[in-house]
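The structure appears right after this line, and notes come after that.
The values are calculated or read from the model by the stated rules, or taken from the named source; none is laboratory data. Note that the coordinates shown come from a computational prediction; the quantities given were computed from them, not determined experimentally. Don't worry about glycine lacking a Cβ; one is built from the backbone with ideal geometry, like all the others, and counts go over all protein chains shown.
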């Protein structure tokens, strides 16, 4: 395996681990969110919306992490443009998180994951091309048989 291919795999795995860490963190913090939302005096509809968005965000980070693990193990199952788009999602979340929340280290972890995934997309391995050979006994259509 080449250095480029190994570097690609490590970048994808590091990005996946960072996103899975974010998902686990948000899953653990769901308990605190539930208490805070219940005590905030919001209507039940708003409470349920906030809880659903929180769990959705957690699931999104987990699914992106799993996608990046699959990309590291089987890069030809997934296209490079899909990985680039999915790598930009945590970067956008980090930018909005820096703008609106006070969770500095968690947003740095999201940006860290995005950078490694985008570096992995640059190092994306090329599919080895199999040489085209004719089957035995088959001749070219332009050259008459001997």
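The set of residues from region 34-56 being under 17 Å from residue 21 (Cα atoms) and out of contact with any helix residue (DSSP H, G or I) (no Cβ under 6 Å at 6 or more places or on another chain) comprises 55, 56. If you go through region 44-57 one residue at a time, do you hit one that is under 22 Å from the mean Cα position of the chain (by Cα), buried (at least 18 other Cβ atoms within 10 Å of the Cβ) and free of Cβ contacts under 8 Å to residues at least 60 places away in the same chain? No, that holds for no residue. Among the criteria (1) surrounded by fewer than 14 Cβ atoms within 10 Å (Cβ to Cβ); (2) farther than 20 Å from residue 85 by Cα, the one residue 73 does not fulfil is (2). If you go through region 69-80 and keep only what is in a helix (DSSP H, G or I) and within 12 Å of the chain's Cα centre (by Cα), you end up with 69, 70, 71, 72, 80. Within region 76-87, can you find the residues that are surrounded by 14 or more Cβ atoms within 10 Å (Cβ to Cβ) and at pLDDT 90 or above? Result: 83, 84, 86, 87. For region 14-68, residues that are at positive phi and assigned to a helix (DSSP H, G or I) total 0.
Residue selection: residue 102 satisfies the criterion of being more than 10 Å from the chain's Cα centre (by Cα), part of a loop (DSSP other than H, G, I, E, B) and under 22 Å from residue 25 (Cβ atoms). Inspect all residues belonging to region 122-142 and state whether any of them is within 18 Å of residue 85 (Cβ to Cβ), at pLDDT 70 or above and outside any loop (DSSP other than H, G, I, E, B). Within region 122-142, one or more residues are within 18 Å of residue 85 (Cβ to Cβ), at pLDDT 70 or above and outside any loop (DSSP other than H, G, I, E, B). Among the residues of region 25-33, none qualifies, meaning not one is crowded, with 17+ Cβ neighbours inside 10 Å and within 13 Å of the chain's Cα centre (by Cα).
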